[in-house]
1. I'd like to know if the stretch B:195-204 contains one or more residues that are surrounded by 15 or more Cβ atoms within 10 Å (Cβ to Cβ) and in a helix (DSSP H, G or I).
2. Suppose we filter the stretch B:352-399 for residues that are at pLDDT 90 or above and touching an Asp or Glu at 6+ places or on another chain (Cβ under 7 Å); how many remain?
3. Got a sec? Which of B:LEU228, B:LEU280 is touching a residue at least 40 places away in the same chain (Cβ under 8 Å), assigned to a helix (DSSP H, G or I) and open to solvent by less than 20 Å² (accessible area, probe 1.4 Å)?
4. Can you find even one residue in the stretch B:103-118 that is closer than 30 Å to B:PHE191 by Cβ, in a loop (DSSP other than H, G, I, E, B) and not aromatic (Phe, Trp, Tyr)?
5. Hey, B:ILE157 hits all of (1) crowded, with 19+ Cβ neighbours inside 10 Å; (2) of a type in the set (A, V, I, L, M); (3) within 28 Å of the chain's Cα centre (by Cα) but one; which does it fall short on?
6. Just checking, how many residues over the stretch A:104-122 are over 17 Å from the mean Cα position of the chain (by Cα) and surrounded by fewer than 18 Cβ atoms within 10 Å (Cβ to Cβ)?
7. Name the single residue, out of those in the stretch B:345-355 being open to solvent by 40 Å² or more (accessible area, probe 1.4 Å) and at negative phi, that is farthest from the chain's Cα centre (by Cα).
8. Can you name the number of the only condition in (1) buried (at least 20 other Cβ atoms within 10 Å of the Cβ); (2) touching a residue at least 24 places away in the same chain (Cβ under 8 Å) that B:GLY192 fails?
Amino acid sequence: MPQHIKRLIGVFAIFIVLFLVMRQVLKPSSFGKLGHFRADAIYENTLKPMHYTVADSCTKCHQTVRAEKDKGFHKNLKCEVCHGPGLKHSLYAGQFKGKELPDSLKLYKPGERKDCSVCHQKNAARIKIQFDTINTTMVHQIDVAEHNPPDLKANEPANCIDCHNPHQP
Amino acid sequence: MEDHLQNLYEVLSKVEGYVYPNEIELNWSILIVLYPYITGLVAGAFILASLERIFKIKVLKPTYGIALLTAFSFMLVATMPLVSHLGKPLRAYEIMITPHSSSAMAIFGFVYLWYLMVVLFLEIWFDYRRDMVIWGNESTGVKRFLYKLLSLWTTDISPKAVALDDRIGYIVTVIGIPSAFLLHGYVGFIFGSIKANPWWSTVLMPVIFLFSAMVSGIALVMLIYIVLTKVRKQLIDMECLDTIAKYLLYILLIDFALEGLDQIHRIYVAEESFEALHKLVFGKLFYTLFIYQMLIGTVIPLLTLGTLQFYKPKAQIRKLIYTILPLLVLAGIFFMRWNVVIGGQLFSKSFYGYTTFKTGLIGTEGYLMAAAWLIIPFLILSFLLWLLPPWKKIETSHE
């Protein structure tokens, strides 16, 4: 075999060996243990900080709100859907009973027109239910621009929560 | 939370009708348009080179080396748009070390590697080895080192060794043609096999991609050849250009026919997706499909090239035509990729709504990034042309 072919084969051999070695080195050690993926990924994901708490944990301190909400149309909404992630709040807010909460523990209070519109604005994509006499969308749809818009001249109510109680709409 | 809501509002303003939540944002951006485009240029340029070598079309000789080096430079960059599109580019190598046999994209890594190393690299290496040995002895400094390194410090340039190189180079080219088909057919396959998307899911997709690849590659080499001769102040080989133009015409015709067939089939079958696609094509894709891809990129070049087969104006005018046409064709094929990749994501798979594609100038998915990946191959090509000028090679006859 001529010299240059030998060298070429040598180079390719080095390349392939290098690839195999790199493969061994780079392949994550837990790869393939549970399937075609890195088993450690599951464990690593459990280490991520949590932001949300379990659905019922708010009730412990806010029974009145909960009782109020359970009677209204929003009974099936979880508190955190509107107020945002509340793990830190439910862990530490207890000490501030009757006092002003520090900013880091404050939760969002979605009272503006755009907040309620997230769910109630007319949207063709919202599911319609149709059976027997019921013919409605899952969530009541209103045209936010049309539904009792704020009148800037007169001092009329502007926000949804001026007329609707968010916990018992 | 506030920001998040603001964002949601902005996003929702982009959609019309009923769109599933995961369809609002286009996940495959302009970089994914570039990926089939650049791979196509590679496959096309290589096939032009093999026309000379395998099918012995001698008039194409002046473009052989240019075509090979063009294919190589674009091949080096072909995966970069994909890699830079990844959220974690540094993990890109994982597709190679833990490939899953059921993943079309994972196997593409190996198809790519095969084509780059076994086909393009070997063909160029065997083609240039003797010249690199000679140039290595003649030059000094870094250049000398580069030649020595590239030729692996071999010295054997006896007629026997050179004949062997030629023989192996020939075999590599023979393997290379199906490989080039595989490479780009594969890119088409990746799109064509997405059965949930009626705009992509057609068995014709690999074939269409292949022929459009040839069209774009041939056009690119034609353009580079014209520019190069101009820069080097050489006389252009009109016969060669006429021949390339002829092949461009043929392949463009096939490409046009295939794409027409695809659309006619779609219109005739009129599946439930048809109305949504119809609205898409006449709405959001009107300019890119009818004007840029069809009119500018296909019909005008077809008519011009067709006319040139019967009526030959002066060489000067033909040269001008041959400079402008490839640009039109290249733009047309770019928009073909655009229409496939972006078009396929603009309509909802519910067939009741549409979204909008927006991208910025800057950012990892912006136009500048895309432009960079289109310019870098030309820089690599300039370097390769400086290092391995095809016109300085000792004439071999490729028998």
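1. No, the stretch B:195-204 contains no residue that is surrounded by 15 or more Cβ atoms within 10 Å (Cβ to Cβ) and in a helix (DSSP H, G or I).
2. Count: 2.
3. On the way: B:LEU228 fails: open to solvent by less than 20 Å² (accessible area, probe 1.4 Å).
Sole residue among the options that is touching a residue at least 40 places away in the same chain (Cβ under 8 Å), assigned to a helix (DSSP H, G or I) and open to solvent by less than 20 Å² (accessible area, probe 1.4 Å): B:LEU280.
4. First, the residues of the stretch B:103-118 that are closer than 30 Å to B:PHE191 by Cβ: B:103-118.
Narrowing the set further to residues that are in a loop (DSSP other than H, G, I, E, B) leaves B:103.
With not aromatic (Phe, Trp, Tyr) added as a condition, the list becomes B:103.
Yes, the conditions are met somewhere in the stretch B:103-118.
5. (3)
6. Residues meeting the conditions: 7.
7. Looking only at the stretch B:345-355, we keep the residues that are open to solvent by 40 Å² or more (accessible area, probe 1.4 Å), and these are B:349, B:351-352.
Cutting the leftovers down to at negative phi gives us B:349, B:352.
Working: B:LYS349: 29, B:TYR352: 34 Å.
Across the stretch B:345-355, the extreme among qualifying residues is B:TYR352.
8. (2)
The values are calculated or read from the model by the stated rules, or taken from the named source; none is laboratory data. Note that the coordinates shown come from a computational prediction; the quantities given were computed from them, not determined experimentally. Cβ sites come from the backbone with ideal geometry, for glycine too, and all protein chains shown count toward neighbours. SASA here: full protein model, heavy atoms, side chains in, ligands and nucleic acids out. Shrake-Rupley method; radii C 1.70, N 1.55, O 1.52, S 1.80 Å.
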